[in-house]
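Remarks on the structure that follows.
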Amino acid sequence: MTELSKIRNFSIVAHIDHGKSTLADRLIQLTGALSEREMKEQVLDSMELERERGITIKANTVRLNYTAQDGETYVLNLIDTPGHVDFAYEVSRSMRAVEGSLLVVDASQGVEAQTLANVYQAIDAGHEIVPVLNKIDLPAAEPERVKEQIEDVIGIDASDAVEISAKTGLGVDKVLEAIVTRLPAPKGDRDAPLKAMLVDSWYDAYLGVVVLVRIVDGVLKKGDRIRMMSTKASYAVDRIGVFSPSMQPVEELGPGEIGFLTASIKQVRDTRVGDTITHEKRPCAEPLPGFKPAQPVVFCGLFPVDSNDFEDLRSAIEKLALNDASFTYEMETSAALGFGFRCGFLGLLHLEVVRERLEREFDIDLITTAPSVIYHVYKTDGTMIELHNPADMPDPVKVARIEEPRIKATILVPDEYLGDVLKLCQDRRGIQLDLTYAGSRAMVVYDLPLNEVVFDFYDRLKSVTKGYASFDYQLIGYREDNLVKMQILVNDEPVDALSTMVHRARAEARGRAMCEKLKELIPQHMFKIPIQAAIGGRIIARETISALRKDVTAKCYGGDVTRKRKLLEKQKAGKKRMRQFGKVDIPQEAFINALKMDD
Amino acid sequence: MPPEPFAIRPGDAPPAARPAPRPSAPEGAPDPDRNRATAPAPDPGATEDWRAGGFGIYVHWPFCKSKCPYCDFNSHVSAHVDHDAWRQALIADLEAAARLTPGRRARTMFFGGGTPSLMPPATVAALIDAVERLWGFEPGAEITLEANPTSVEAAAFRGYAAAGVNRVSMGVQALNDADLRALGRTHGAAEAMAAFDVARAVFRRVSFDLIYARQNQTPQAWEAELRRALDLAADHLSLYQLTIEPGTRFAQLHARGRLRGLPADDDAARMYELTQELCEAAGMPAYEISNHARPGDESRHNLIYWRYGDYVGAGPGAHGRLTVEGRRLATENLRAPGAWLEAMRAGRPAASFEEIAPEDQAAEYLLMSLRLAEGTDPARHARLGGRPFDPERVARLVEQGVLTWRAERLAATRKGRALLDAALRELVA
């Protein structure tokens, strides 16, 4: 247990490639947490892992012992979090677990969009921020210009920014000294009842569920009985320890300290990021503020391409869900796709991460159906249903009104791209709430329907701003609008997996765009294929895939037989990634790509 | 079953006899030396299946005066060719194949390339003599040589005829000078016609090739050209739609968007249909996707490929199919001419041999035989080890007018021949 005044907890905010990992390595090396040899073997590995984890949303942490110029030895805890809007809540919890941040900026590149969103998170969390200019040894480095930019754009004092080269190690000692002298020590009461924040948790093959905690008040010891305040579940603590950077057991964790515990918790689902952990016997009166249970906001169907793989998919989803509390699932049956699951995600990135893991780690080819949000459908009989799947839409004559979720979106963008961003938001039925400038950057705030955002908004935003915009949103409630269910018919048969909810005024344009997209995505067949969009029984858009007229190898003699046979085998494999609807083969990626709009 | 590659040198004993001679197992019986546990035992009748297609000899002459931009064949431009060395090496290659296939007669022999009309007639004569000595020809055997239609090469035609060649196939490709230049051909249209006249005077059987769906070619232009070609034609025509093959100059240009004026798919399809109509009307229907002949004058050598017979591939990069002691082998020679020649001279392995699994043989038979108007014999396909066709899929393809039953054979219709690759995917993928 370390005295509060000798603890510093911090995170590093940086744009990708600005040197966060290299600086972290240097800090570990300089404080002697690892020997030269271990550096190569351990840290680099864990950095690789972290890159993998960048998508699994896990916080990384390391505890460093540093003897400062004042002769005192300090404990420095670094928490490293990836930042993406889907996981904004998780990132904000990690930020709440520390008191300060290093803002690392490439002295030749300057502040980038990604940095902004994260640094505002840090400011929101009340952090003291130490600007660090990296790559100062590069000929293109312009420290003065970049300092000015930090002051203009972010609005913090950069006059005493630390100038370093993480690569050569130049100035890294000054970073350590700045952490000690400029970042505040944590506050806390050792004698108060235990109050600890659950920062993150993950499944470890040997230890079971490992929980990363920040102690606010009180003391946590091995053998203590603890209670999770949101779930009310209680556990006996098996192990406590710190990451230095490998797991080291400790006797106790006191106020201001960051470490881990294990407690025979069976599933990661049983642990909620941001929850407050206290003692069962002597609980604290109030939980920490800001806890939110994970709330999936985007839903879609996941179906195996090969219906024989359904049981494999079930077991893969169950395994994945054990380690990801924010992901929900329930069985779904589709007339077109057979058995599958309706799954809920934090956002589109989260959806893609889960889908990719299912395909990669469990080797299952998947069809992903159109993502949907939760609509509140009020029926004429006065009841309301939560609609997760357009296929479940009640008969329109029984529907009184439909409400959809709205968000408040905050977008930071260099002013040269502002026009494109405004147009994008207008096109997505946005209502402008605010427009202000910070330096040469504009901050726009829009009220947008979530369903216009969940799908490809972030991709479009990145593309129209060449990656220079940052984006954040929060749900602000439900509002009625003129929404209808649009169906897609392929070769005169409705494909339920392509049904979507759309705004009536945008239905024609949307239907046309989907039909055009499907025309590109579905290969030509030996017969012509009509593709139609319909609302109720009314066709609102139509395209036709013309019949294939010629597809034959002109020359095929004795030397070509092997090659032709192997090509046919490859095509067999390719066909497995298609799904047959009546007579038409639809490639699995068509279900999701049909929705991508190039507006 | 994983293919089992092994290499053989000219002069080696047949592979089945190595390392020690042993009595050959009854046909189709489990072979204790090979891991056949997972492969279905081939039908005893299938082991001599090649007889349904016949047996022929292919000789590859890899040299050209220049490389054409559409050509992905194994061809090379070389100023100096050591003709003695090449003759000896090709004969050695034939001898090695003959040791694997005793007791057969050759129905056909085919000199392809490259440009085999650059071969000295004496080399051609020596190779024909070698086949006669090693196997013997069937009565009325067909011996074809591919020729460029230039005056120089035409001068050698009598020498080839004296050597035993009785059919030539000429790479005319187009009937006007501008298009010939675009195709990288060194001959002009008038020169080609003169060479064609010489060939007609020397050989009864003369075929020529044309390429259509060329840059800036309209269906009308192709129709006029094809009418002229049919007026000229002797007994056989090969009419190929221009295909951009990977690794060619055209492919490079195409990738950079610099191969302009290629006909749209609909126009290309129209040209194919025109080809069928005009050739049928002229009494030269398609007997294969791109090949037209007066009945009885089909290329008997190429029919061996399409009917999935056995064939020897001699020369660099040549492929063969040889049934050896009941096992069907795919043979492939070293592709680079220099490497192949060196290996042959030094007595090193110059070929790879791979056994073709029964279901793969069935697939090869299917994809080749469906190219023919006569189509596929489902019973033979099944005997080879093919899964029976899904009756539902066949019915659908028949209903769509792509396939048809002719007697007991499944064949592509005229419409279906244009869609054969798609039809094959439908049928078996």
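Answer yes or no as to whether residue B:355 is over 20 Å from residue A:557 (Cβ atoms) and modelled with pLDDT under 95.
Values: over 20 Å from residue A:557 (Cβ atoms): yes; modelled with pLDDT under 95: no.
So residue B:355 fails the test.
Every condition in (1) under 30 Å from residue B:284 (Cβ atoms); (2) open to solvent by less than 10 Å² (accessible area, probe 1.4 Å); (3) among the basic types (Lys, Arg) is met by residue B:380 except one, and the failing one is (2). Contact annotation: residue pairs with Cβ atoms under 6 Å, 6 or more positions apart or on different chains, pairing a residue in region B:398-425 that is at the interface with chain A (Cβ under 7 Å from one of its Cβ atoms) and in contact (Cβ under 8 Å) with a residue 12 or more places away in the chain with a partner that is among the aromatic types (Phe, Trp, Tyr) and open to solvent by less than 30 Å² (accessible area, probe 1.4 Å), are B:418/B:272.
When the helices (runs of 4 or more DSSP H) confined to region A:373-479 are screened for residues that are at pLDDT 90 or above and surrounded by fewer than 18 Cβ atoms within 10 Å (Cβ to Cβ), those reaching at least 3 such residues are found at A:418-427. Tell me the helices (runs of 4 or more DSSP H) entirely within region B:230-332 that contain at least 3 residues that are under 24 Å from residue B:142 (Cβ atoms) and free of Cβ contacts under 8 Å to residues at least 40 places away in the same chain. Here the list is empty. Annotation: of all residues in region B:287-321 being aromatic (Phe, Trp, Tyr) and facing chain A (nearest Cβ under 10 Å), the one that is nearest to residue B:47 (Cα to Cα) is B:308.
Residues that are among the polar types (S, T, N, Q) and open to solvent by less than 50 Å² (accessible area, probe 1.4 Å): does region B:226-246 have at least one? Yes. The single condition from (1) out of contact with any Ser or Thr (no Cβ under 8 Å at 6 or more places or on another chain); (2) surrounded by fewer than 21 Cβ atoms within 10 Å (Cβ to Cβ) that residue B:272 fails is (2).
Starting from region B:358-372, keep only residues that are more than 10 Å from chain A (Cβ to nearest Cβ) and touching a residue at least 40 places away in the same chain (Cβ under 8 Å), then list their pairs with residues that are among the aromatic types (Phe, Trp, Tyr) and not in a helix (DSSP H, G or I) whose Cβ atoms are within a distance under 8 Å, requiring at least 6 positions of separation or different chains. Filtered contacts from region B:358-372: B:369/B:308; B:372/B:287.
Would you mind finding the one in B:281, B:268, B:339 that is over 20 Å from the mean Cα position of the chain (by Cα) and facing chain A (nearest Cβ under 10 Å)?
On the way: B:281 fails: facing chain A (nearest Cβ under 10 Å); B:339 fails: facing chain A (nearest Cβ under 10 Å).
The conditions single out B:268.
The residue of region A:564-593 that is farthest from the other protein chains (Cβ to nearest Cβ), among those that are aliphatic (A, V, I, L, M) and assigned to a helix (DSSP H, G or I), is A:592.
Is it fair to say residue B:114 is out of contact with any Leu (no Cβ under 6 Å at 6 or more places or on another chain) and either free of Cβ contacts under 8 Å to residues at least 12 places away in the same chain or open to solvent by less than 10 Å² (accessible area, probe 1.4 Å) (or both)? Against the criterion (out of contact with any Leu (no Cβ under 6 Å at 6 or more places or on another chain) and either free of Cβ contacts under 8 Å to residues at least 12 places away in the same chain or open to solvent by less than 10 Å² (accessible area, probe 1.4 Å) (or both)), residue B:114 does not qualify.
Would you confirm, using the coordinates I've provided, whether residue A:561 is crowded, with 19+ Cβ neighbours inside 10 Å, within 14 Å of chain B (Cβ to nearest Cβ) and part of a loop (DSSP other than H, G, I, E, B)? Working first, answer last.
Values: crowded, with 19+ Cβ neighbours inside 10 Å: yes; within 14 Å of chain B (Cβ to nearest Cβ): yes; part of a loop (DSSP other than H, G, I, E, B): no.
In short, no.
Within region A:263-299, the set of residues being buried (at least 16 other Cβ atoms within 10 Å of the Cβ), assigned to a loop (DSSP other than H, G, I, E, B) and touching a Gly at 6+ places or on another chain (Cβ under 8 Å) comprises A:265, A:274, A:284, A:288, A:291, A:296, A:297.
Here A:458, A:478, A:468, A:417 are screened, and the one residue that is within 22 Å of residue A:342 (Cβ to Cβ), among the aromatic types (Phe, Trp, Tyr) and in contact with a Phe, Trp or Tyr (Cβ under 9 Å, 6 or more places away or on another chain) is A:478. Filtering region A:449-490 to residues that are closer than 21 Å to residue A:89 by Cβ and of a type in the set (Gly, Ala, Ser) leaves A:469, A:470, A:477. On the stretch given as region B:384-428, residues that are buried (at least 17 other Cβ atoms within 10 Å of the Cβ), over 19 Å from residue B:268 (Cβ atoms) and of a type in the set (A, V, I, L, M) total 9. Annotation: of all residues in region A:565-586 being open to solvent by 90 Å² or more (accessible area, probe 1.4 Å) and within 32 Å of the chain's Cα centre (by Cα), the one that is farthest from residue A:489 (Cα to Cα) is A:576.
Restricting attention to region A:529-548, does a residue exist that is outside any strand (DSSP E or B), open to solvent by 20 Å² or more (accessible area, probe 1.4 Å) and either within 14 Å of residue B:364 (Cα to Cα) or touching a His at 6+ places or on another chain (Cβ under 9 Å) (or both)? Within region A:529-548, one or more residues are outside any strand (DSSP E or B), open to solvent by 20 Å² or more (accessible area, probe 1.4 Å) and either within 14 Å of residue B:364 (Cα to Cα) or touching a His at 6+ places or on another chain (Cβ under 9 Å) (or both). If we scan region B:192-205, do we find a residue that is at pLDDT 95 or above and over 25 Å from residue B:152 (Cα atoms)? No, the conditions are met nowhere in region B:192-205.
Here is a check on your reading of the model: is residue A:310 free of Cβ contacts under 8 Å to residues at least 60 places away in the same chain, crowded, with 21+ Cβ neighbours inside 10 Å and either in a helix (DSSP H, G or I) or out of contact with any Pro (no Cβ under 9 Å at 6 or more places or on another chain) (or both)?
no
The values are calculated or read from the model by the stated rules, or taken from the named source; none is laboratory data. In this text, all values refer to a predicted model and were calculated from it rather than measured experimentally. Counting neighbours? That spans all protein chains shown, and the Cβs are built from the backbone with ideal geometry, glycine included. Areas reflect the complete protein model, heavy atoms only, side chains present, ligands, DNA and RNA absent. Shrake-Rupley method; radii C 1.70, N 1.55, O 1.52, S 1.80 Å.
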